[in-house]
């Protein structure tokens, strides 16, 4: 088999073009929000000194559910009820806000 020396394809230009698509931009923003939510859940759990398994037990779910939420790559956004349970189990208050300065 003959080897070809193709130059490495840098996908940066492709992704920059893709990000200009309004539908893709919305999807990117939604995923960013999921990651922020995931990080907040993990931070609350760690601040409370709880393992994923301990938090899961306190709120009546499975460790895998906590892991999915903290990964940020789950399909559905956690319910308000779920987030309230996490907050209470971690000794925190759940706060929700709208920041219009960052809205596009």
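The values are calculated or read from the model by the stated rules, or taken from the named source; none is laboratory data. Computed from a predicted model, the values in this text were never measured in an experiment. Cβ sites come from the backbone with ideal geometry, for glycine too, and all protein chains shown count toward neighbours.
Okay, here's what the table says:
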read-out: Flag if residue 87 is under 18 Å from the mean Cα position of the chain (by Cα), surrounded by 15 or more Cβ atoms within 10 Å (Cβ to Cβ), without any contact (Cβ under 8 Å) to a residue 24 or more places away in the chain and assigned to a helix (DSSP H, G or I); value: no
read-out: Extreme residue, nearest to residue 80 (Cα to Cα), among residues of the range 43-58 that are in contact (Cβ under 8 Å) with a residue 24 or more places away in the chain and surrounded by fewer than 18 Cβ atoms within 10 Å (Cβ to Cβ); value: 58
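Residue-by-condition table, conditions (1) part of a loop (DSSP other than H, G, I, E, B); (2) in contact with a strand residue (DSSP E or B) (Cβ under 6 Å, 6 or more places away or on another chain); (3) at pLDDT 85 or above:
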{"residue": "14", "(1), (2), (3)": "no, no, no"}
{"residue": "28", "(1), (2), (3)": "no, no, yes"}
{"residue": "46", "(1), (2), (3)": "no, no, yes"}
{"residue": "50", "(1), (2), (3)": "yes, no, yes"}
{"residue": "54", "(1), (2), (3)": "no, no, yes"}
{"residue": "61", "(1), (2), (3)": "yes, no, yes"}
{"residue": "69", "(1), (2), (3)": "no, no, yes"}
{"residue": "75", "(1), (2), (3)": "yes, no, no"}
{"residue": "78", "(1), (2), (3)": "yes, no, yes"}
